[in-house]
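Enquirer: Please find one structure pasted underneath; my questions will follow.
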Amino acid sequence: MKHTLEELKRRINVAAKRTPADLVIKNGKVVNVFTREILQEDIAIVDGFIAGLGDFEGKESIDAQGSFIVPGFIDGHVHIESAMVTPAEFSNVVLPHGVTTVVADPHEIANVSGLSGIDFMLKCSEDIPLDVFIMLPSCVPATPFENAGAKLSDSDLEPFYDHPRVIGLGEVMDYPAVMQTQGDMLKKLEGASRKGRCIDGHAAGLSADEINVYMSAGIRSDHECINAEEAIDRLRKGMYVMLREGSAARDLLALLQAVNEQNARRCLFVTDDKHLDDLMNEGSIDHNIRMAISQGVDPVLAIQMATLNAAECFGLKYKGAIAPGYEADLLLVSDLNTIKIEKVIKSGKLAAKGGEIITPSRCSTVPDASISNSVKMSSLTSDDLRIEIGTGNANVIGIIPNSIVTRHLVEKLEAFNDCFEPNPETDLLKLAVVERHRNTGNLGLGIIKGLGMQRGAIASTVAHDSHNIVAAGASDEDLLLAIHHTAEMKGGLAVVKDGKVVADLELPIAGLMTDRDSAFIYGRLSELNQALREAGCNMLFNPFLTLSFLALPVIPELKLTDKGLFSVKSFQHISVRVQK
């Protein structure tokens, strides 16, 4: 953060009480995240920064009327694309929930559109109230076991480090490449280190010994812990542990078992992937804080985790606290236990009040052709969907509700003409992943258990991380229609039943986002959810979000890519039919 001489002079003069502040907030109870005290102090603000705490006068004032004043919340790891809106619209949604800063990894759009996707996210997050810092995607494609829309090398990423909002290298999920000291991955790690930037981890399923490798490589954080034991392993090795509560991965309650007074300073909150309707209904980091408080975490400690800890993790030295020289990102909260946010002040200006944004932002950046025309695939037939299993056992993907981890099941199936047919009675459905970036014709087929769909099919171009078309269905006819309709929309979500499209949402920006406003998208998501209920889906978890992670071959145990069924344990493709 650079300051002009005049700005520095004004701030010092206000701090010294030689000149009045632009704004003074009075009669508030300031939450000090350094000492975990609550103090009655005025807050003097000039040029969007805090000049002093104490007794001040200003050109304007806000009477906090006894409210608690806390620092703006920071989401330490988020994929904005998962909310299916542009960064500008994302700002409109999360600011009223007290999130004033996010650390975003444009990994999703980069896997579709490469450098153009990163550039789009940077441009679309300029001049909006929300501060969006970028971690460059480290693994595009995520693995060599699938086809993505782009491939990014260290030389592709290098120029982006000159951007003032690019602060590091995003989640390094290719552990084998790190372990085996593969050249391009080492160059990416070295490049970030040479620039003095942060490096995020993605240590799903890694043991304490394997964490040694990540730490030695300069990787200092992990958001993939799913239990207290994993969290403690990482904390003991010196990692920051990100406590995730998103839409598909809801790990916070389990991870809070590892948090105590001694180690909490190395913990922060993240959402990672959260759908728009969940953001609007539950909230963002404010929801994580409320959950932590409900589990017995001291409210001020929880706020410290959501502010100062996150800022220190990423070297954001002007953020995360209410103190002289820090940015004036402040929340007026009437109740610390429920985190009831009355007002959001961003850079010294009122940004949201009573849960509503004051001045909505809009993205004026027009996506180029690589982003707006990202779906390229040929027509499929029912013959293409045949899964020959013969007699015997089959490898089946077992869904775990509200988790991106799956089980590797072995099921004895009844074959029809030597082929698998979906059977809603046993909750065994057909799963397909269709390559959609270069029209290669690649098609992966598998079997899933646990979706609960009784009829119809669903399809989506949101399929982490390569974002091919992923679809599941109780009949081949509906499955084909869902796939083709999704392609015709140039990306999006679709529910099909009895040969008809009953609900959809177009996502023409890389097949991941739309430039429509949140109210429109929320309405469409409600229609999709109603269609899913009518199709008999298990609504104890989000079927579309669950579907989107069934194609991610870096998360245990069994997944499906456009190249076929993939065992994460053996790190290789396997046959649907169990080989004797």
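Enquirer: Scan segment 231-279 for residues that are in contact (Cβ under 8 Å) with a residue 60 or more places away in the chain, closer than 14 Å to Ala302 by Cα and not charged (D, E, K, R) and jot them down.
Expert: Listed by number, the residues that qualify are Met242, Leu243, Leu268, Phe269, Val270.
Table: residues versus (1) modelled with pLDDT of 95 or more; (2) of a type in the set (Asp, Glu); (3) more than 17 Å from the chain's Cα centre (by Cα).
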{"position": "Lys497", "(1), (2), (3)": "yes, no, yes"}
{"position": "Leu505", "(1), (2), (3)": "yes, no, yes"}
{"position": "Glu527", "(1), (2), (3)": "yes, yes, yes"}
{"position": "Phe549", "(1), (2), (3)": "no, no, no"}
{"position": "Phe566", "(1), (2), (3)": "yes, no, yes"}
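Enquirer: If you don't mind, there's one more thing I want to ask. Which condition breaks for His77 when tested against (1) in contact with a His (Cβ under 7 Å, 6 or more places away or on another chain); (2) more than 21 Å from Leu552 (Cβ to Cβ)?
Expert: Going through (1) in contact with a His (Cβ under 7 Å, 6 or more places away or on another chain); (2) more than 21 Å from Leu552 (Cβ to Cβ) one by one, His77 breaks only (2).
Enquirer: Out of segment 190-204, which residues are part of a helix (DSSP H, G or I) and either in contact with a Cys (Cβ under 6 Å, 6 or more places away or on another chain) or buried (at least 21 other Cβ atoms within 10 Å of the Cβ) (or both)?
Expert: The answer is Ala192, and nothing else.
Enquirer: Being aliphatic (A, V, I, L, M) and over 24 Å from Ala15 (Cβ atoms) is the filter here; which residues of segment 315-350 pass it?
Expert: Val333, Leu336, Ile339, Ile341, Val344
Enquirer: Do you know which of the residues in segment 475-485 that are touching a residue at least 40 places away in the same chain (Cβ under 8 Å) and not aliphatic (A, V, I, L, M) is surrounded by the fewest Cβ atoms within 10 Å (Cβ to Cβ)?
Expert: Glu477
Enquirer: Go through (1) crowded, with 20+ Cβ neighbours inside 10 Å; (2) farther than 30 Å from His163 by Cα and name the single condition Ser207 misses.
Expert: (1)
Enquirer: Read through the list (1) within 30 Å of Glu488 (Cα to Cα); (2) at pLDDT 95 or above; (3) in a loop (DSSP other than H, G, I, E, B), then give the number of the only condition that Arg362 fails.
Expert: Unmet for Arg362, out of (1) within 30 Å of Glu488 (Cα to Cα); (2) at pLDDT 95 or above; (3) in a loop (DSSP other than H, G, I, E, B): (2).
Enquirer: How many residues are assigned to a loop (DSSP other than H, G, I, E, B) and touching a Cys at 6+ places or on another chain (Cβ under 9 Å) if we restrict to segment 160-187?
Expert: Matching residues across segment 160-187 total 2.
Enquirer: Is it fair to say Ile226 is β-branched (Val, Ile, Thr) and assigned to a loop (DSSP other than H, G, I, E, B)?
Expert: Criteria met by Ile226.
Enquirer: Then there is this: Anything in segment 556-571 that is touching a residue at least 60 places away in the same chain (Cβ under 8 Å) and surrounded by fewer than 22 Cβ atoms within 10 Å (Cβ to Cβ)? List them, or say none.
Expert: Across segment 556-571, the qualifying residues are Pro556, Glu557, Lys563, Gly564, Ser567, Val568, Lys569, Phe571.
Enquirer: OK, next. For segment 365-394, give me each residue that is under 30 Å from Val85 (Cβ atoms) and free of Cβ contacts under 8 Å to residues at least 24 places away in the same chain.
Expert: Listed by number, the residues that qualify are Val366, Ala369.
Enquirer: Residues that are under 17 Å from the mean Cα position of the chain (by Cα), surrounded by fewer than 22 Cβ atoms within 10 Å (Cβ to Cβ) and not aliphatic (A, V, I, L, M): does segment 116-131 have at least one?
Expert: Yes, there is a match, as at least one residue in segment 116-131 is under 17 Å from the mean Cα position of the chain (by Cα), surrounded by fewer than 22 Cβ atoms within 10 Å (Cβ to Cβ) and not aliphatic (A, V, I, L, M).
Enquirer: Quickly run through segment 470-481 and pick out the residues that are farther than 17 Å from Leu550 by Cα and of a type outside the set (D, E, K, R).
Expert: Within segment 470-481, Ser475, Leu480, Leu481 meet the criteria.
Enquirer: Select from segment 90-111 the residues that are assigned to a strand (DSSP E or B) and not β-branched (Val, Ile, Thr) and list them in ascending order.
Expert: Ala104, the sole residue that qualifies.
Enquirer: Still on this structure, I have one more. Of all the residues that make up segment 288-310, how many are touching a strand residue (DSSP E or B) at 6+ places or on another chain (Cβ under 8 Å) and touching a residue at least 60 places away in the same chain (Cβ under 8 Å)?
Expert: Within segment 288-310, residues that are touching a strand residue (DSSP E or B) at 6+ places or on another chain (Cβ under 8 Å) and touching a residue at least 60 places away in the same chain (Cβ under 8 Å) number 9.
Enquirer: Something else now. Do we have any residue at all in segment 424-442 that's exposed (fewer than 15 other Cβ atoms within 10 Å of the Cβ), on the phi < 0 side of the Ramachandran plot, within 33 Å of the chain's Cα centre (by Cα) and among the hydrophobic types (A, V, I, L, M, F, W, C)?
Expert: Checked segment 424-442: no residue is exposed (fewer than 15 other Cβ atoms within 10 Å of the Cβ), on the phi < 0 side of the Ramachandran plot, within 33 Å of the chain's Cα centre (by Cα) and among the hydrophobic types (A, V, I, L, M, F, W, C).
Enquirer: Yes or no: Ala432 touching a residue at least 40 places away in the same chain (Cβ under 8 Å) and either in a loop (DSSP other than H, G, I, E, B) or closer than 25 Å to Ala83 by Cα (or both)?
Expert: Considered against the rule, which asks whether it is touching a residue at least 40 places away in the same chain (Cβ under 8 Å) and either in a loop (DSSP other than H, G, I, E, B) or closer than 25 Å to Ala83 by Cα (or both), Ala432 comes out as yes.
Enquirer: State which residue is farthest from Val333 (Cα to Cα) when the search covers only segment 105-115 and only residues that are among the aliphatic types (A, V, I, L, M) and surrounded by 24 or more Cβ atoms within 10 Å (Cβ to Cβ).
Expert: Checked segment 105-115; the qualifying residue farthest from Val333 (Cα to Cα) is Val112.
Enquirer: Related question: Quick one: is Ala323 closer than 15 Å to Val33 by Cα and within 20 Å of the chain's Cα centre (by Cα)?
Expert: No: the conditions fail for Ala323.
Enquirer: Looking only at residues in segment 321-356 that are more than 21 Å from Asp42 (Cβ to Cβ) and not basic (Lys, Arg), which one is surrounded by the most Cβ atoms within 10 Å (Cβ to Cβ)?
Expert: In this case the residue turns out to be Ile339.
Enquirer: Quickly run through segment 112-154 and pick out the residues that are in a helix (DSSP H, G or I) and of a type in the set (A, V, I, L, M, F, W, C).
Expert: Hits for segment 112-154 are Val112, Leu115, Ile118, Phe120, Met121, Leu122, Cys124.
Enquirer: Restricting to segment 203-260, and then to whatever is under 29 Å from Gly283 (Cβ atoms) and among the polar types (S, T, N, Q), can you tell me which residue is modelled with the lowest pLDDT?
Expert: If we take residues in segment 203-260 being under 29 Å from Gly283 (Cβ atoms) and among the polar types (S, T, N, Q), then Ser247 is modelled with the lowest pLDDT.
Enquirer: Applying the selection to segment 383-396, what residues are over 12 Å from Cys419 (Cα atoms) and either at pLDDT below 95 or exposed (fewer than 11 other Cβ atoms within 10 Å of the Cβ) (or both)?
Expert: Residue satisfying the conditions is Asn393 alone.
Enquirer: Here's a check for you: in segment 1-57, which residue that is among the small types (Gly, Ala, Ser) and out of contact with any Gly (no Cβ under 7 Å at 6 or more places or on another chain) is surrounded by the most Cβ atoms within 10 Å (Cβ to Cβ)?
Expert: Filtering segment 1-57 for residues that are among the small types (Gly, Ala, Ser) and out of contact with any Gly (no Cβ under 7 Å at 6 or more places or on another chain), the one surrounded by the most Cβ atoms within 10 Å (Cβ to Cβ) comes out as Ala51.
The values are calculated or read from the model by the stated rules, or taken from the named source; none is laboratory data. All values derive from a computational prediction rather than experimental measurement. Because the Cβ atoms are built from the backbone with ideal geometry, glycine has one as well, and the counts that use them run over all protein chains shown.
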